[in-house]
Amino acid sequence: MPAPNSSVAAFVAEIAALCKPAAIHWCDGSEAEYSALCARLVSEGTLIPLNPAKRPNSYLARSTPDDVARLEHRTFICTTDAAEAGPTNNWREPVAMRAELNTLLDGAMAGRTLYVLPFVMASGTPIEMFGVQVTDSAYVAASMHIMTRMGADVLARMEGKPFVRCVHSVGAPLAQGETSSSWPSNPTHKYIAHFPETAEIMSFGSGYGGNALLGKKCLALRLASVEAHKSGWLAEHMLIVGLESPEGEKAYVAGAFPSACGKTNFAMVEPPEDMKGWTVSTVGDDIAWLFAGPRGELRAVNPEAGFFGVAPGTSAKTNPVAMDMVGHDCIFTNCALTEDGDVWWEGMGTPPDRLIDWQGRPWTPDAGRPAAHPNARFTVRATNCRTLDANWNAPEGVEISALLFGGRLSKTFPLVFEAQDWAEGVLWAATLSSEATAAAEGQADIRRDPFAMLPFCGYNIADYMAHWLAFKDKLTVDVPIFRVNWFRKDENGRFIWPGFRENTRVLRWVVERARGRVEARSGLLGGLPRHEDLVNGSGSIDAARFDILMASDPDEIRAELEGQKRHLAGM
Ligand code: GTP
Ligand code: SPV
Ligand code: MN
C-alpha cells in the first residue's frame, strides 16, 4: 500500500467513496495472491477448475451470452473537441460522460471487493506507461496478473510518476446477504470510455477481455496511440515475430492484422518440415509499440506480459506451440467442457460424443450450434510459450526489418505483395479491409480497418495516418512494407493457401526481400514472389494453383481502388 498522501492512494480513496465496495484489496502481484483470487473465483462459481491430470492449474470461465466480445458501439473517446476523436470513433463530451458514469458508479461495488492493480506497460523501456486499475471483478484481477507486469514493486516504481486512472466495474452491486452470480455484469448499461486529456479510462458493465482488462486495448492502444502521436512513436495492433536462419542470422518483423485474423498464430508459427534449421521466435502477439532507435532503425517492444488468444481453430496441427502453451496455468473463457474435466473448441479435432457447451448446456455433435463460443479465448503468461524470444523483455526492444499488413479477404488480394516505398505501404495499410469476425459484436460483412486500428485508434484517424507518413523521417534504415492475405478462397469456397505453418515461407521471403537477397517480380499491386522462391521445392502449392493465389483481376482491382477513394474521402 502506498503512503496515504500519494496520488495513487487519493485516486483509490476517491473511487472507493463513489463505488462503496465492502472491502479494498491492494494487489501485490504475488503467486499466492493469484492462487487466492482463483480460489475465490472457484468458490463463487466463476471459475471451474479443470482436471489437473489433463491441464494443471487451469480453469474455465463462462460469461453471459451478452458479454462475449468487445463492444465497439459502447466504446467512446471523450475529448473536449469532437474533431479530436475523428470520424471513426464514437465521441462523447467528457464532462457529461463523466457525470453519466459517476451516476452509474455510485454504489456500483456494494458487497464486492475493490481490487487495486498497479501495472506497467512496456516496463523499463523509454516509453513505459503506468496505470492503476481499480476493479470489482476478481476474474479481471486474475487476468491482469497474467497479462501485465503488476503489483507491489510496480506501485513502488510509479511513486511520483504520472499514471493512467483506470476504473472498472461490472456494474452488479450486491444487496445485503446476496451472493454473486457466476459472471457478474450489467445487462442494460455498458460503457468503455476513454478520457485522453486527463489520462483516464472508465469501463462499466462488462467483464470481458478488451472491455475490462484496461491495460490492453484501452491503455496500450487507445491512450498510448494519443501519447505516441504527441511524443513521436507508434502504438500498434501488431504481432512481433523473429526468424533465424540456419546460419544464425536473425531478423524481426511486425505485422498488423485485424482482430481474429491471425496475429497470435503467426507470432508462434512453427516452420514446415522442409525448413529445417529455421527458427521462429515470439516477441508479442497483439500489441507493439514502435519507435526509432539511435541508428535511425525501427524498434519494437511488446508492452504486455501475456496472451489473450482466440481458442477456436487452435489445434496440434494448426498451432502446436499454442497448444503446448495452454497446457497448464491457463484461464479459458467460453470454451466447451469435456466429461473428464478438460476444455474443447471447434477446430481442435474430432468432437467428443458429449460436451457441456460454453453456456453450460449439454451438447452433442448434432446440436447444430458451436460448443465453444467463436470468440472463446485463453489467457496465459507469455513465459508459457516455448518459442518466446530471448529479447522479448529487452528494454531496448528488437529491431524491425519489415512491416506486414493483412486482412481476412476471400478475394482480390494475393498472398503477399510488397509496396514500392513507405508512402505506398502506408496507403495499403490505411485502406486495409477485412471480413467480419467474432472478436467484436455487430461487425459489417466487410469493413475497412485502417492499420487494423479501426477499433483502437484513440484520436482522429486522419491525423494518425499523417503521423505514420511523417514517422518515416525518423528512420534512416529502410523498412519495406508488405500486404499479406492468408484467406483467399477458390471458386469452391476453400482456402487456396494452406496457411498456418506454411506462412513461415512468406516470413522468410519478406526477410530475404528486406535484405535484398531475393528478387520480386512486378505485379499489378506491387512486388510478388516467384513460385520457386516462396515454396522452395516443397509441395505446399503447385505452380498452377500458386498463379491463382497470386493473380490480380484488373476489374476487381479497379473496384477496390474506387472503394479506397471513397474510404479515404470519408477520413
Ligand atoms: P486478436 O487476438 O483478436 O487480435 O486476433 P489474432 O489476430 O491474434 O488472431 P488469431 O491468430 O487468434 O487467429 C484467429 C483465427 O484465425 C483463428 O481461428 C485461427 O485458427 C485462424 N487463422 C490464423 N491463421 C490462419 C491461417 O493462416 N489460415 C487460416 N485459414 N486461418 C488462420
Ligand atoms: C481483439 O479483439 O483484437 C483482441 C481481443 O485482441 S480483446 O482483448 O477482447 O480486444
Ligand atoms: Mn487484438
Checklist entry - When the stretch 488-507 is examined, which residues are found to be under 18 Å from residue 271 (Cβ atoms) and open to solvent by 20 Å² or more (accessible area, probe 1.4 Å)? => result 498, 500, 501, 502
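Of 495, 451, 482, 456, which residue is more than 16 Å from ligand 2 (Cβ to nearest atom), within 27 Å of the chain's Cα centre (by Cα) and touching a residue at least 40 places away in the same chain (Cβ under 8 Å)? Talk me through it step by step, then tell me what you get.
Values: 495 fails: touching a residue at least 40 places away in the same chain (Cβ under 8 Å); 451 fails: more than 16 Å from ligand 2 (Cβ to nearest atom); 456 fails: more than 16 Å from ligand 2 (Cβ to nearest atom).
Answer to the selection: 482.
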Checklist outcome for this item: Subset of the stretch 381-401, residues open to solvent by less than 70 Å² (accessible area, probe 1.4 Å), not basic (Lys, Arg) and not in a loop (DSSP other than H, G, I, E, B), comes to 382, 384, 388, 398, 399, 400, 401
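Taking the options 482, 471, name whichever one is assigned to a strand (DSSP E or B) and away from ligand 1 (no atom under 11 Å from the Cβ).
Details: 471 fails: assigned to a strand (DSSP E or B).
Selected residue: 482, the only one of 482, 471 that is assigned to a strand (DSSP E or B) and away from ligand 1 (no atom under 11 Å from the Cβ).
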Checklist outcome for this item: Over the stretch 293-349, the set of residues away from ligand 3 (no atom under 16 Å from the Cβ), in a strand (DSSP E or B) and not small (Gly, Ala, Ser) is 298, 299, 301, 331, 332, 337, 338, 343, 344
Checklist entry - Under 8 Å by Cβ, and 6 or more places apart or on different chains, what pairs join a residue from the stretch 237-262 that is on the phi > 0 side of the Ramachandran plot with one that is assigned to a loop (DSSP other than H, G, I, E, B) and away from ligand 2 (no atom under 16 Å from the Cβ)? => result 262/486; 262/499
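Got a sec? Which of 344, 278, 358 is of a type outside the set (D, E, K, R), in contact (Cβ under 8 Å) with a residue 12 or more places away in the chain, within 16 Å of ligand 2 (Cβ to nearest atom) and surrounded by 15 or more Cβ atoms within 10 Å (Cβ to Cβ)?
Details: 344 fails: within 16 Å of ligand 2 (Cβ to nearest atom); 278 fails: within 16 Å of ligand 2 (Cβ to nearest atom).
Just one listed residue meets the conditions, 358.
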Item to check | Which numbered condition residue 434 misses (of (1) farther than 25 Å from residue 534 by Cβ; (2) within 16 Å of ligand 3 (Cβ to nearest atom); (3) open to solvent by less than 50 Å² (accessible area, probe 1.4 Å)) | outcome: (1)
Next on the checklist: I need the strands (runs of 3 or more DSSP E) fully contained in the stretch 1-88, keeping only those with at least 3 residues that are under 22 Å from residue 120 (Cβ atoms).
Outcome noted: 23-26
Next on the checklist: Let me confirm something: among 451, 378, 413, which residue is in a loop (DSSP other than H, G, I, E, B), open to solvent by less than 10 Å² (accessible area, probe 1.4 Å) and within 16 Å of ligand 1 (Cβ to nearest atom)?
Outcome noted: 413
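I'd like to check which strands (runs of 3 or more DSSP E) are fully inside the stretch 167-270 and have at least 1 residues that are under 30 Å from residue 15 (Cα atoms) and open to solvent by 10 Å² or more (accessible area, probe 1.4 Å). Lay out the reasoning, then the answer.
On the way: elements: 191-195, 200-204, 234-236, 238-244, 250-256.
Of the strands (runs of 3 or more DSSP E) lying wholly inside the stretch 167-270, those with at least 1 residues that are under 30 Å from residue 15 (Cα atoms) and open to solvent by 10 Å² or more (accessible area, probe 1.4 Å) span 191-195, 200-204.
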Item to check | Residue identified as surrounded by 22 or more Cβ atoms within 10 Å (Cβ to Cβ) and out of contact with any Lys or Arg (no Cβ under 6 Å at 6 or more places or on another chain) among 333, 314 | outcome: 314
Checklist entry - Scanning for something away from ligand 2 (no atom under 16 Å from the Cβ), out of contact with any helix residue (DSSP H, G or I) (no Cβ under 9 Å at 6 or more places or on another chain) and either charged (D, E, K, R) or over 18 Å from residue 269 (Cα atoms) (or both), does the stretch 374-390 turn up at least one residue? => result yes
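To keep it simple, each residue is scored yes or no on (1) assigned to a loop (DSSP other than H, G, I, E, B); (2) open to solvent by 60 Å² or more (accessible area, probe 1.4 Å); (3) small (Gly, Ala, Ser); (4) touching a helix residue (DSSP H, G or I) at 6+ places or on another chain (Cβ under 7 Å).
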{"site": "509", "(1), (2), (3), (4)": "no, no, no, yes"}
{"site": "540", "(1), (2), (3), (4)": "yes, no, yes, yes"}
{"site": "544", "(1), (2), (3), (4)": "no, yes, yes, no"}
{"site": "547", "(1), (2), (3), (4)": "no, yes, no, no"}
{"site": "559", "(1), (2), (3), (4)": "no, yes, yes, no"}
{"site": "562", "(1), (2), (3), (4)": "no, yes, no, no"}
{"site": "565", "(1), (2), (3), (4)": "no, yes, no, no"}
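Do you know which residues across the stretch 49-78 are more than 30 Å from residue 93 (Cα to Cα) and open to solvent by less than 50 Å² (accessible area, probe 1.4 Å)? Walk me through how you get there before you give the answer.
As a first pass, look at the stretch 49-78 and keep what is more than 30 Å from residue 93 (Cα to Cα): 49-65.
If the condition is that a residue be more than 30 Å from residue 93 (Cα to Cα) and open to solvent by less than 50 Å² (accessible area, probe 1.4 Å), then 50, 51, 55, 58, 59, 60, 61, 63, 64 are the ones that fit.
The values are calculated or read from the model by the stated rules, or taken from the named source; none is laboratory data. As the structure is a prediction and not an experimental result, all values here were calculated from the model. All Cβ positions, even for glycine, are placed from backbone atoms using ideal geometry, and neighbour counts span all protein chains on display. For accessibility, only protein heavy atoms count, side chains too; no ligands or nucleic acids. Shrake-Rupley method; radii C 1.70, N 1.55, O 1.52, S 1.80 Å.
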